[in-house]
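Here the structure is laid out as structure tokens; the discussion comes afterwards.
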Amino acid sequence: MSHVTIYATSWCPHCANLKKRLDRTEHAYDVIDVEENPEAAEWVESVNDGNRVVPTVKYSDGTYATNPAASAVRRKIAELEEA
């Protein structure tokens, strides 16, 4: 089970960078392209004051982070795996 869902776009350099850094340490994650999924785009906008900011990361505990560093995502994954 993946503890992380990354809401992204195909053209976003910040999204690509986050995925690349997580791939280096083989952390599992799911990706949802907000340009192809209107419901996902609405959720991203709802947690970012009406803005479609990517990457926005949603964790399995329901919390989220906007444009987080890969190190922060790794720490959160470790926390969720311990729970």
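A quick yes/no check of all residues on (1) within 24 Å of ALA83 (Cα to Cα); (2) of a type in the set (Val, Ile, Thr); (3) in contact with a Cys (Cβ under 8 Å, 6 or more places away or on another chain):
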position	(1), (2), (3)
VAL4	yes, yes, no
SER10	no, no, no
LEU22	yes, no, no
ILE32	no, yes, no
GLU36	no, no, no
GLU39	no, no, no
GLU45	no, no, no
ASN48	no, no, no
TYR64	yes, no, no
Contact list, first residue from segment 59-79 and more than 20 Å from TRP43 (Cα to Cα), second anywhere and part of a helix (DSSP H, G or I), beta-carbon distance below 7 Å, six or more apart or interchain, is ALA70/LEU18; ALA70/ARG21; ALA70/LEU22
When ARG52 is run through (1) touching a Pro at 6+ places or on another chain (Cβ under 6 Å); (2) surrounded by fewer than 18 Cβ atoms within 10 Å (Cβ to Cβ), the failure sits at (1)
The lone condition HIS27 fails out of (1) out of contact with any Lys or Arg (no Cβ under 9 Å at 6 or more places or on another chain); (2) at pLDDT below 95; (3) of a type outside the set (D, E, K, R) is (1)
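The values are calculated or read from the model by the stated rules, or taken from the named source; none is laboratory data. A quick note: this is a predicted structure, and the numbers were derived from the prediction, not measured. So basically every Cβ, Gly included, is an ideal-geometry build from the backbone, and we count neighbours across all protein chains shown.
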